[in-house]
Amino acid sequence: MVGRICGTGAYAPPVFASNEDLENVVDTSDTWIRERTGIARRHIAVEDTAVTMAVKAARQALANGKIDPEAVELILVSTISPERVLPCTACEVQKQLGAVQAVCFDLNAACAGFLYAYNTAQAYIRSGMYKTVLVIGTEQLSKLVDWTDRNTCILFGDGAGAVVLTGEENGRYNMTAHSDGRKGEALTCRTDGKIKMDGREVFRFAVKSVPECIRELLEREQLLAEDIDYFVLHQANRRIVEAVAKRLNVPPERFPMNLEEYGNTSSASIPILLHEMKQKGILKPGMKLVFAGFGAGLSWGASLTEW
């Protein structure tokens with residue numbers, strides 16, 4: 001049995017900080033940020049939290065998939081920015097959705113988090129334990145950002161994305177995932193501190209590891225890069241996405257991007273982008289998609305799914 005995505009949802013807070021706004025905070029410029037990251041603005045949660053954003057994205061995904069909240073059997077939430085440690089974000093989401101039958105837990109794999117949660121959902125569905133799973137990525141990174149550090153404050157934004165998976169007998173799915181804790185100091189955040197990042201090291205890691213794991217996945221499935229309709233990558237940096245496309249020898253238009261609007265939303269980036277693609281009518285039945293996530297840990301991976 002394979003989990004097929006039947007519904008998607010996304011939410012971004014209405015307040016945003018443009019590159020011009022950041023010019024008044026740190027030594028930077030709109031041109032400098034755009035050239036190095038591709039980001040123009042990032043949404044900031046003022047009244048929202050990781051929970052409220054997750055709930056809004058989840059409600060949209062359930063409505064989009066025509067799934068009653070009480071039919072959901074498992075809720076997985078990926079986040080590194082929960083409102084509180086206990087109860088977990090997934091249980092708070094369950095309460096507000098009225099998904100009274102669902103088992104709930106959170107997962108932390110940073111920017112690879114949604115991918116890892118998606119793979120976890122697929123494993124539960126394949127085992128036969130659950131058939132209807134809600135997977136959410138939600139982040140309020142603005143509270144973890146050091147707004148005096150121009151190397152990180154320009155990158156991150158807030159938002160949430162969600163997908164609903166239902167088990168089907170026919171479908172296609174495979175995955176590959178890796179972690180290397182030896183290099184974890186490249187991207188850190190203490191519970192009592194702010195995000196710190198070695199940007200050059202993270203860039204080198206991403207442009208090398210992501211194409212490698214995508215090739216590994218395609219080899220497992222006996223597919224070529226040209227067989228994939230779209231590569232839906234974590235939206236960290238335009239240069240990273242373009243470098244991955246180049247190394248795979250794939251036209252950049254098959255690597256959709258929306259980071260100009262949202263910046264890096266960590267766990268939320270892939271499902272937000274996926275929802276936008278669905279809303280625009282880009283995704284057609286039978287299309288082959290590769291999701292790829294990468295980030296702190298260091299952790300990275302890729303998953304093949306059929307739309």
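Taken as a whole, the structure places ALA245 among residues that are aliphatic (A, V, I, L, M) and either more than 17 Å from the chain's Cα centre (by Cα) or farther than 28 Å from SER142 by Cβ (or both).
Given the condition surrounded by fewer than 16 Cβ atoms within 10 Å (Cβ to Cβ), within 22 Å of the chain's Cα centre (by Cα) and under 29 Å from ASN174 (Cβ atoms), answer yes or no: does some residue in segment 2-9 qualify?
Of segment 2-9, the ones surrounded by fewer than 16 Cβ atoms within 10 Å (Cβ to Cβ) are none.
Looking for residues that are surrounded by fewer than 16 Cβ atoms within 10 Å (Cβ to Cβ), within 22 Å of the chain's Cα centre (by Cα) and under 29 Å from ASN174 (Cβ atoms), one finds none in segment 2-9, hence no.
Step by step: first the residues of segment 112-160, then only those that are β-branched (Val, Ile, Thr) and outside any helix (DSSP H, G or I), then the one that is surrounded by the fewest Cβ atoms within 10 Å (Cβ to Cβ). Which residue is that? Working first, answer last.
Looking only at segment 112-160, we keep the residues that are β-branched (Val, Ile, Thr), and these are 120, 125, 132-133, 135-136, 138, 145, 148, 152, 154.
Adding the requirement that they be outside any helix (DSSP H, G or I) leaves 132-133, 135-136, 138, 145, 148, 154.
Numbers: THR132: 23, VAL133: 26, VAL135: 29, ILE136: 31, THR138: 40, VAL145: 20, THR148: 10, ILE154: 22.
Selected residue: THR148.
Which one is surrounded by the most Cβ atoms within 10 Å (Cβ to Cβ) among residues in segment 226-240 that are assigned to a helix (DSSP H, G or I) and in contact (Cβ under 8 Å) with a residue 60 or more places away in the chain? Give the steps one after another, and end with the answer.
First pass over segment 226-240, keeping only residues assigned to a helix (DSSP H, G or I): 226-227, 238-240.
Those left that are additionally in contact (Cβ under 8 Å) with a residue 60 or more places away in the chain: 227, 238-239.
On the way: ASP227: 12, ARG238: 19, ARG239: 15.
Across segment 226-240, the extreme among qualifying residues is ARG238.
To keep it simple, each residue is scored yes or no on (1) under 19 Å from the mean Cα position of the chain (by Cα); (2) at positive phi; (3) assigned by TED's automatic domain parsing to the domain that holds GLN279.
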{"site": "THR31", "(1), (2), (3)": "no, no, no"}
{"site": "GLY38", "(1), (2), (3)": "yes, yes, no"}
{"site": "ARG41", "(1), (2), (3)": "yes, no, no"}
{"site": "ILE44", "(1), (2), (3)": "yes, no, no"}
{"site": "GLU47", "(1), (2), (3)": "no, no, no"}
{"site": "VAL55", "(1), (2), (3)": "yes, no, no"}
{"site": "ALA63", "(1), (2), (3)": "no, no, no"}
{"site": "LYS66", "(1), (2), (3)": "no, yes, no"}
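Results for (1) without any contact (Cβ under 8 Å) to a residue 12 or more places away in the chain; (2) of a type in the set (A, V, I, L, M), shown as yes or no for each residue.
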residue: GLU20; (1), (2): yes, no
residue: HIS43; (1), (2): no, no
residue: ALA57; (1), (2): no, yes
residue: LYS66; (1), (2): no, no
residue: GLU70; (1), (2): no, no
residue: ILE80; (1), (2): no, yes
residue: TYR116; (1), (2): no, no
residue: ALA121; (1), (2): no, yes
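Return a yes/no flag: does segment 171-185 have any residue that is without any contact (Cβ under 8 Å) to a residue 12 or more places away in the chain, charged (D, E, K, R), surrounded by fewer than 20 Cβ atoms within 10 Å (Cβ to Cβ) and in the same structural domain as GLU276 (by TED's automatic domain parsing). Within segment 171-185, one or more residues are without any contact (Cβ under 8 Å) to a residue 12 or more places away in the chain, charged (D, E, K, R), surrounded by fewer than 20 Cβ atoms within 10 Å (Cβ to Cβ) and in the same structural domain as GLU276 (by TED's automatic domain parsing).
Look at segment 12-54 and say how many of its residues are in contact with a helix residue (DSSP H, G or I) (Cβ under 8 Å, 6 or more places away or on another chain), within 14 Å of LYS143 (Cα to Cα) and of a type in the set (Gly, Ala, Ser). Residues flagged as in contact with a helix residue (DSSP H, G or I) (Cβ under 8 Å, 6 or more places away or on another chain), within 14 Å of LYS143 (Cα to Cα) and of a type in the set (Gly, Ala, Ser) within segment 12-54 amount to 2.
For segment 110-166, a residue qualifies if it is farther than 22 Å from ILE67 by Cβ, at pLDDT 95 or above and basic (Lys, Arg), and exactly one does: LYS143. For segment 286-300, the set of residues classified as closer than 19 Å to GLN122 by Cα and assigned to a loop (DSSP other than H, G, I, E, B) consists of GLY286, MET287, listed by residue number. Test GLY297 against the stated conditions and say whether it is surrounded by 23 or more Cβ atoms within 10 Å (Cβ to Cβ), in contact with a strand residue (DSSP E or B) (Cβ under 9 Å, 6 or more places away or on another chain), of a type outside the set (Lys, Arg) and touching a residue at least 24 places away in the same chain (Cβ under 8 Å). No, not satisfied.
From the set of residues in segment 191-225 that are small (Gly, Ala, Ser) and free of Cβ contacts under 8 Å to residues at least 60 places away in the same chain, which is farthest from PHE156 (Cα to Cα)? The qualifying residue farthest from PHE156 (Cα to Cα) is ALA225. The residues of segment 94-111 include none that are in contact with a strand residue (DSSP E or B) (Cβ under 7 Å, 6 or more places away or on another chain), of a type in the set (D, E, K, R) and in a helix (DSSP H, G or I). Among the residues of segment 260-285, how many are in a loop (DSSP other than H, G, I, E, B) and crowded, with 24+ Cβ neighbours inside 10 Å? Looking only at that region, the number is 2.
The values are calculated or read from the model by the stated rules, or taken from the named source; none is laboratory data. Because the structure is predicted, anything quoted here is derived from the model rather than measured. Every residue, glycine as well, gets a Cβ built from its backbone with ideal geometry; the counts of neighbours run over all protein chains shown.
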